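The values are calculated or read from the model by the stated rules, or taken from the named source; none is laboratory data. Values in this document were obtained by computation on a predicted structure and should not be read as measured data. Cβ coordinates were reconstructed from backbone atoms using ideal geometry, including for glycine residues, and neighbour counts include every protein chain displayed.
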Amino acid sequence: MKYLKVIAFTHKQIDLKDLGKFVICNESLESSLESVRQKFDIPEIFYIGTCNRVEFVFTADQNLTNEFVRDFIQALNLPVSDEQVQAFAEQVSIYEDVDALNHLLRISCSLESLVVGEKEILAQVRKAYDTCRLAGFTGDYLRLIMNRVVKTSKEVYTNTAIARKPISVVSLAYRKLRELNMCTNSRILIIGAGETNKNISKYLKKHKYSNFTIFNRTLDNAQVLAEELGGKAYGLDALKTFKDGFDVIITCTSATEPIITNEIYNSLLNGDKSRKVIVDLAVPNDTSPEVLENNPVTFIEVHSLQEIANSNLQERYEELIFAERIIEDNIQEFKPVLKQRRVEIAMREVPVKIKEIRNTAVNNIFADEIESMDPNSREVLERVMNYMEKKYISLPMVMAKDILINNS
């Protein structure tokens, strides 16, 4: 596993507001990854971006030095200055080899999440991987890694109580929202139709909230969510002219700049001076700081959920121990699997070479002798060669696997 690398920016080392600078929007993801892939000759890579972490999982020969990380950040063309790049390079977490696999397993089992036990993280990691796989950024090596990630995560969630009475950032945000005792006919604007907003919408619908308006960059996605909630759907640009009023804004988009500017917020208020609620689960925040400075707002964001998350961690401490054992067992199981796959790939040429040898023997070296044989003899020879060919192809593979297993 010496080629597996992870560069991680997380809530543990970097303030969530700064973390937002590393979020890559969908429109520029492919160009950013292609840039680092070409500069550092990286065969496979995928990007994970959640509400409390941004990570790059890739394969490479290079060691992850401070200089490499700094150059890596610069190659992503992020909106950060050279001074910030240096500061962030010193705060970043780096993992290589077995440590990289262990880290990837831990985050997928939610052991490194802001809220330990939330299952959403596995879905987020899988979706991140699939996005990059479909774009051609991953190959056989990371496919094996992800198979092990999914297997391990399912074992942890099935065989431990770490996700019992599951708590997530979404459920914590909803809990905070419920504490405000809003009426079920409160006017709720939902900005963004991604997984996070879909999940919080399920809580709202379950508890009989019914007055929804959805805004999304892609109108079709807004319409799908609006249909589920019995609400109205608009494109994101319609925020500028919406005049039907609101009581709550729930927002989570992948935008790198604030969606709710002071100008748009005042337009949405349309003269209403009463206190409003904003639930902002985006990183970076979709809400401009000016909105909070100039208006009476009850603001719920990811950062404000940290205290509840810390309490959740203490409650699940014993389950963490069980989960870590499952992770360690899977790492040990995976080592010979990875070695075996490397042998398989290395020996892909064996069948081709054996067929070439056979064709040369039959059509050139022994062509005259074979031609002089009677049909029955040629048939027997053909059967013997077929038998020998199969054995010569399978035997080296079996022997190599046995050697790997015995040495492991």
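Name, by its number, the condition in (1) in contact (Cβ under 8 Å) with a residue 60 or more places away in the chain; (2) assigned to a helix (DSSP H, G or I); (3) buried (at least 20 other Cβ atoms within 10 Å of the Cβ) that does not hold for residue 6. Going through the list (1) in contact (Cβ under 8 Å) with a residue 60 or more places away in the chain; (2) assigned to a helix (DSSP H, G or I); (3) buried (at least 20 other Cβ atoms within 10 Å of the Cβ), residue 6 breaks only (2).
Results for (1) part of a helix (DSSP H, G or I); (2) surrounded by 21 or more Cβ atoms within 10 Å (Cβ to Cβ); (3) in contact with a Gly (Cβ under 6 Å, 6 or more places away or on another chain); (4) not assigned by TED's automatic domain parsing to the domain that holds residue 153, shown as yes or no for each residue.
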residue: 77; (1), (2), (3), (4): no, no, no, no
residue: 87; (1), (2), (3), (4): yes, no, no, no
residue: 100; (1), (2), (3), (4): yes, yes, no, no
residue: 113; (1), (2), (3), (4): no, yes, no, no
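Conditions (1) modelled with pLDDT of 80 or more; (2) more than 15 Å from the chain's Cα centre (by Cα), marked per residue:
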position: 68; (1), (2): yes, yes
position: 71; (1), (2): yes, yes
position: 77; (1), (2): yes, yes
position: 89; (1), (2): yes, yes
position: 93; (1), (2): yes, yes
position: 97; (1), (2): yes, yes
position: 118; (1), (2): no, no
position: 121; (1), (2): yes, no
position: 125; (1), (2): yes, no
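When residue 166 is tested against (1) at pLDDT below 90; (2) within 30 Å of residue 331 (Cβ to Cβ); (3) touching a Leu at 6+ places or on another chain (Cβ under 7 Å), only condition (3) is not met. Restricted to segment 332-385, and to residues there that are in a helix (DSSP H, G or I) and hydroxyl-bearing (Ser, Thr, Tyr), the residue that is farthest from residue 144 (Cα to Cα) is 377. Of all the residues in segment 269-285, those that are in contact (Cβ under 8 Å) with a residue 24 or more places away in the chain, within 16 Å of residue 296 (Cβ to Cβ) and assigned to a loop (DSSP other than H, G, I, E, B) number 2. Just one of (1) of a type in the set (Gly, Ala, Ser); (2) assigned to a loop (DSSP other than H, G, I, E, B); (3) in contact with an Asp or Glu (Cβ under 8 Å, 6 or more places away or on another chain) fails for residue 123. It is (2).
Total residues in segment 245-274 satisfying the condition of being more than 26 Å from residue 172 (Cα to Cα), in contact with a helix residue (DSSP H, G or I) (Cβ under 9 Å, 6 or more places away or on another chain) and not small (Gly, Ala, Ser): the figure is 5.
Please find, within segment 208-223, the residue that is nearest to residue 189 (Cα to Cα) out of those that are of a type outside the set (A, V, I, L, M, F, W, C) and not in a loop (DSSP other than H, G, I, E, B). Going through the qualifying residues, I end up with 213.
The set of residues from segment 186-206 being in a helix (DSSP H, G or I), surrounded by fewer than 18 Cβ atoms within 10 Å (Cβ to Cβ) and in contact with a Phe, Trp or Tyr (Cβ under 9 Å, 6 or more places away or on another chain) comprises 203, 205.
Taking each residue of segment 134-161 that is in contact (Cβ under 8 Å) with a residue 12 or more places away in the chain and within 28 Å of residue 31 (Cα to Cα) and looking for partners that are among the acidic types (Asp, Glu) and surrounded by fewer than 21 Cβ atoms within 10 Å (Cβ to Cβ) with beta-carbon atoms closer than 7 Å, six or more apart or interchain, yields 135/30. A Cβ distance below 7 Å, combined with a sequence gap of six or more or placement on separate chains, defines the contacts here; from segment 25-37, residues that are within 23 Å of residue 61 (Cβ to Cβ) reach residues that are hydroxyl-bearing (Ser, Thr, Tyr) in the pairs 33/47. Any residue in segment 42-57 that is in contact with a strand residue (DSSP E or B) (Cβ under 8 Å, 6 or more places away or on another chain), assigned to a helix (DSSP H, G or I) and touching a residue at least 12 places away in the same chain (Cβ under 8 Å)? Taking every residue of segment 42-57 in turn, none turns out to be in contact with a strand residue (DSSP E or B) (Cβ under 8 Å, 6 or more places away or on another chain), assigned to a helix (DSSP H, G or I) and touching a residue at least 12 places away in the same chain (Cβ under 8 Å). Taking segment 159-185 as the range and being surrounded by 21 or more Cβ atoms within 10 Å (Cβ to Cβ) and either assigned to a helix (DSSP H, G or I) or aromatic (Phe, Trp, Tyr) (or both) as the test, the residues that pass are 169, 170, 172, 173, 174, 177. Filter segment 9-41 for residues that are at pLDDT below 90 and in a loop (DSSP other than H, G, I, E, B); which is surrounded by the most Cβ atoms within 10 Å (Cβ to Cβ)? Ranking the qualifying residues of segment 9-41, first place goes to 14. Which one is farthest from residue 142 (Cα to Cα), of the residues in segment 50-66 that are at pLDDT 90 or above and not aliphatic (A, V, I, L, M)? For segment 50-66, the residue satisfying everything is 55. When segment 241-260 is limited to residues that are under 32 Å from the mean Cα position of the chain (by Cα) and free of Cβ contacts under 8 Å to residues at least 60 places away in the same chain, the one that is surrounded by the most Cβ atoms within 10 Å (Cβ to Cβ) turns out to be 258.
Between 329, 402, the distinction of being modelled with pLDDT under 90 and assigned to a helix (DSSP H, G or I) belongs to 402 only. When segment 224-242 is filtered for residues that are assigned to a strand (DSSP E or B) and more than 21 Å from residue 265 (Cα to Cα), nothing remains.
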